[in-house]
1. Go through (1) of a type outside the set (Lys, Arg); (2) within 22 Å of LEU284 (Cα to Cα); (3) under 29 Å from the mean Cα position of the chain (by Cα) one by one and return the number of the condition ALA310 breaks.
2. Of the residues that make up the stretch 67-76, is at least one open to solvent by 30 Å² or more (accessible area, probe 1.4 Å), out of contact with any Lys or Arg (no Cβ under 9 Å at 6 or more places or on another chain), of a type outside the set (Val, Ile, Thr) and not in a loop (DSSP other than H, G, I, E, B)?
3. Please work out which residue is nearest to GLY116 (Cα to Cα), limiting yourself to the stretch 43-57 and to residues that are of a type outside the set (Lys, Arg) and surrounded by 14 or more Cβ atoms within 10 Å (Cβ to Cβ).
4. Just need a number here: residues in the stretch 28-42 that are open to solvent by less than 80 Å² (accessible area, probe 1.4 Å) and closer than 21 Å to ALA58 by Cβ.
5. Pairs only if they're at least six apart or on different chains, beta carbon under 6 angstrom, first in the stretch 30-46 and part of a loop (DSSP other than H, G, I, E, B), second open to solvent by 80 Å² or more (accessible area, probe 1.4 Å); list them, first residue then second.
6. Would you kindly identify the strands (runs of 3 or more DSSP E) lying entirely within the stretch 102-204 that contain at least 2 residues that are buried (at least 17 other Cβ atoms within 10 Å of the Cβ)?
7. Please specify each residue of the stretch 328-363 satisfying the condition of being surrounded by 14 or more Cβ atoms within 10 Å (Cβ to Cβ) and small (Gly, Ala, Ser).
8. Within the stretch 307-324, count every residue that is under 22 Å from THR272 (Cβ atoms) and not aliphatic (A, V, I, L, M).
Amino acid sequence: MFPREVISSGSLVLRAPAGVDAESIVAACDDPVTAEFLPSLPAPYTPRDARAYLAAAAAKWECGGAEFAITENGRYVGSVGVSAPDEQATVEMGYLVAPWARGKGVASTAARAVAGWLFDHGVHRVELQAIVENIASLRVAYKAGFTEEGRRRDAKLLRDGRRADFITFARLAHDLGESVPSYLPPFEGGELTDGVVRLVPMAPGDAGDFHRMLAEPSVTAYKLGPLSTLEDDRRRCRHTGYWWVSGQRIELAVRDAASGAFAGHLQLTQVTPMLGQAMIGYSLRSAFRGRGFMTRAVRLLTDWVFTRTALHRIVAGTDISNTASHAVLERAGFSRECVHRELFPQADGTRSDDVAWVRLRPR
């Protein structure tokens, strides 16, 4: 059984929840963002629910777990809870942050502090999970020194009736617990734009437009593999934030800056930190061709890459017959590097050559 101690970390004080927190707990748990990612919470969340939570928190301490109210200047700003240790000295951690305290590092500071406290009391392993779409929670795990260990598919039923993947993390007592900055930082302000095109993270709401674009004959002519279903593309769009924050890849919607319309898709993939190399790929809706949209988009992204990341080489591969794509890359500052003979399989059983392109970090 853990001792009911108070933990201090910076401006935060973590203590057992108390009746004085009830009003703030109601406001935090009745928030739409909280409700979205904690589907087991009652909705709407009432004072009666807060009283039930306080009783459960007290019982949790008695049963070997721990439940902390995160406070700042005496005010409740969130919660951190851990299960009782199992026979392997492993506990599970969960947290929430009140809407008035988000974006200040509250959860990552609290999670790091509680993990350290647990290790001081004999715990060997602390586990936590985050819904794949909950980017804020994923960032908390990385910042708090946890290591990603895998993905649990369709692990939890959400409030809207669909199932979501969970990303699993753990931190061990002997881990350094260092916060490692993301290899692919977010866009400042959330987007890139030159006033004609906007590059924004692809989101679930883009799935329909993305799916229809992929079905255009001029796009499918150069697509490898079978056509995706609409549900495949919805799932892809739900994972894009996770791929980005974990440093795996960037998936962007290319939008007409004037109208906001979905014009195309641009990705940075095959990110290889050891080599300092990544690959771009793109598709454009036929209605937006001939206006230089993709050249602008590719230039915007590659310029950002060389300014904000450690990548040294951006490469691209194009079918030898795709002259429109060749022109995009040439205008965006790429150079032909080589030809990979008979790389791309075709529907008729033949193979076509791949023209490889590269743009290097400016010296």
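The values are calculated or read from the model by the stated rules, or taken from the named source; none is laboratory data. As the structure is a prediction and not an experimental result, all values here were calculated from the model. Note: ideal-geometry Cβ built from the backbone for every residue, glycine included; neighbour counts use all protein chains shown. Each accessible area value is taken on the protein alone, full model and side chains, heavy atoms only, with ligands, DNA and RNA left out. Shrake-Rupley method; radii C 1.70, N 1.55, O 1.52, S 1.80 Å.
1. Among (1) of a type outside the set (Lys, Arg); (2) within 22 Å of LEU284 (Cα to Cα); (3) under 29 Å from the mean Cα position of the chain (by Cα), ALA310 violates only (2).
2. So far as the stretch 67-76 goes, yes, one or more of its residues are open to solvent by 30 Å² or more (accessible area, probe 1.4 Å), out of contact with any Lys or Arg (no Cβ under 9 Å at 6 or more places or on another chain), of a type outside the set (Val, Ile, Thr) and not in a loop (DSSP other than H, G, I, E, B).
3. Out of the qualifying residues, it is ALA57.
4. So the answer is 5.
5. Note: pairs meeting the criteria are ASP30/PRO44; PRO39/ARG159.
6. Output list reads 125-131, 163-172, 197-201.
7. Scanning the stretch 328-363 gives ALA332, GLY333, SER352, ALA356.
8. Of the stretch 307-324, the ones under 22 Å from THR272 (Cβ atoms) are 307-318.
If we keep only those that are not aliphatic (A, V, I, L, M) as well, we get 307-309, 312-313, 317-318.
Looking only at that region, the number is 7.
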